[in-house]
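For reference, the structure discussed in these notes is given below.
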């Protein structure tokens, strides 16, 4: 068995190999270094205007704001700190919808969006807003003609995710923004998985609001940001009221160390994005080549080119995803199926892609990131190959397929 | 989710994985579940001339609990008469493997698989052919 070179700090032999970078990322040690002084000596309230403690904390926060803005070609005054992408999505969608409700009351989003977008939209429906949930193509991408047809003079907001958390596909943001603006609608994009991973430009992509997360880019958990365009100015109704911090859009004392951490993480992402993309692409291709050389009938969910290299969502036909996860306990991956919850339903995202239910039950999400090594990728591929082979030998569906029986021809009893 | 040692053992070292010839008169086959639901169990029993289940095999598409449940019942049915095997209840399976509540359906499926296999065997032995063979 391959000996694993684990990164420093996590060398206990019993720890699984971490391949779940879409769930969260470890904090980059350089980010921690930037944050530390703000926990200890620079502990001032960044909103204190009367003394040096406040000023140095404020300077840390404002530097971070600039670092975030620079990664998306925005102005630092357009960055609002939040607790994370969930809050940013809530603030963007509900905030804009409520502010403009007298003029426009229609929102468009996709059925494959993150639950915090869908749930906010559902909630707004109870307040009287109309919401259109557009389907996606088999590759997970939006149909631009369909989107264009859905936008009306009543549409206030189009909300489409930049990079998908489950399947890693990249939506055509610039085209979506152009369509929204052509009919006077605003464009919000949930970029929790895109920020720091792919080049983003709020001007070139016609983006009015962008949700950002800290812990997806090797920054701390509990911090995020919302980009809110100033020219022309986008107004929103705050969700959290109080001292009027963040230009009244998000009251509450800023968590200085977390803001500094998000800024530092953004600066590192800006400097290293190109090299990291190259590295992750090589790791991803190495992994896939190894898997496909030994296992037939493995399918990639989501478009194969319009996707970030750090994500693979794979269906291993004839092997159930949760059983497979149990067979690869020394790998930390995510099951594409929602079977670990009480429901027997496979992922709503894979179903929206039209992945057949039996294949949707066989999927894994594998995420590579900054600290993933070649040795880990090889080890993970070998463990998955061994587990899939063992489980296929045990699978009645595999046996039928090998015997040429069409599984769809069987009258299955639903249970 | 923490699984019991027994469950993990059955998952990692499944007993009696395999298949018998389903057309063999001594074999009863139960195929239950559905791929779209994420669970399919095939349980086969081989019955001796004096009506005792002398061997059993399974193949299962499903989660760890489904695989462990089917592995367990292949052990349990061996040496039993058809009537005895038919009394195995899902609650016994769930209790033995300490299945979490969301996995109870796996034990239900295993019980269904035993019943289906027995039924298949009995069906084979009431066909005109077997009536003549037995006469």
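The values are calculated or read from the model by the stated rules, or taken from the named source; none is laboratory data. Note that the structure is a prediction, hence the values are computed from the model and not measured. Cβ placement follows ideal geometry from the backbone for every residue including glycine, while neighbour counts extend to all protein chains displayed.
All conditions but one from (1) under 28 Å from residue A:399 (Cβ atoms); (2) surrounded by fewer than 22 Cβ atoms within 10 Å (Cβ to Cβ) apply to residue A:301; the one that does not is (2). Scanning segment A:117-165 for residues that are within 17 Å of residue A:91 (Cβ to Cβ) and either touching a residue at least 60 places away in the same chain (Cβ under 8 Å) or out of contact with any strand residue (DSSP E or B) (no Cβ under 8 Å at 6 or more places or on another chain) (or both) gives A:117, A:119, A:120, A:123, A:127, A:156, A:157, A:159.
Being at pLDDT 95 or above and at positive phi is the requirement here; does residue A:89 meet it? Here the answer is no, as residue A:89 does not meet what is asked. Just one of the numbered conditions (1) within 14 Å of chain B (Cβ to nearest Cβ); (2) modelled with pLDDT of 90 or more; (3) surrounded by fewer than 24 Cβ atoms within 10 Å (Cβ to Cβ) is not true of residue A:357: (2).
Test residue B:28 against the stated conditions and say whether it is crowded, with 23+ Cβ neighbours inside 10 Å, within 13 Å of chain A (Cβ to nearest Cβ) and either touching a residue at least 60 places away in the same chain (Cβ under 8 Å) or in contact with a strand residue (DSSP E or B) (Cβ under 8 Å, 6 or more places away or on another chain) (or both). Criteria not met by residue B:28. Picking from residues in segment B:66-91 that are within 14 Å of chain A (Cβ to nearest Cβ) and in contact with a strand residue (DSSP E or B) (Cβ under 7 Å, 6 or more places away or on another chain), the one that is nearest to residue B:14 (Cα to Cα) is B:71. Out of the residues in segment B:36-65 that are in contact with a strand residue (DSSP E or B) (Cβ under 7 Å, 6 or more places away or on another chain) and not in a strand (DSSP E or B), state the one that is nearest to the other protein chains (Cβ to nearest Cβ). Here the residue is B:62. Given the structure, is residue B:107 surrounded by 15 or more Cβ atoms within 10 Å (Cβ to Cβ), within 14 Å of chain A (Cβ to nearest Cβ), more than 10 Å from the chain's Cα centre (by Cα) and closer than 18 Å to residue B:32 by Cβ? In short, yes.
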